[in-house]
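Here the structure comes first, spelled out in structure tokens, and everything after it is commentary.
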Amino acid sequence: MALMGLADAAKEIGTTERWLANQLRSGKFPAHKVGRRWRFTDADVAEIIRRCAVPAALPTDTRLCTPTSSMTPTTARRMGAR
């Protein structure tokens, strides 16, 4: 089991060291503190990436943009223009 440091983990995750360190201090992500340094396993990095993944956007239902909905006429007109 190979361990990596904060800089390597931040580079692999695609973020800054400062942001990752702040998240670790608040307890949001898994990691191990050895002495005064954070250490990560491959599983820790994979879990952080999984937790930060953004779900795919849901398709927009255009039937909600009808004038009979609770939208004002101006909002319905603007939504229809898109």
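If GLU12 satisfies every condition in (1) out of contact with any Asp or Glu (no Cβ under 8 Å at 6 or more places or on another chain); (2) buried (at least 16 other Cβ atoms within 10 Å of the Cβ) but one, which is the exception?
Against the list (1) out of contact with any Asp or Glu (no Cβ under 8 Å at 6 or more places or on another chain); (2) buried (at least 16 other Cβ atoms within 10 Å of the Cβ), GLU12 comes up short only on (2).
Across the range 27-82, which residue is modelled with the highest pLDDT among those that are touching a Pro at 6+ places or on another chain (Cβ under 9 Å) and part of a loop (DSSP other than H, G, I, E, B)?
Taking the candidates together, the pick is THR41.
The values are calculated or read from the model by the stated rules, or taken from the named source; none is laboratory data. Note that the structure is predicted; figures quoted are calculated from it, not measured. Here Cβ is always computed from backbone atoms with ideal geometry, including for glycine, and neighbour counts include all displayed protein chains.
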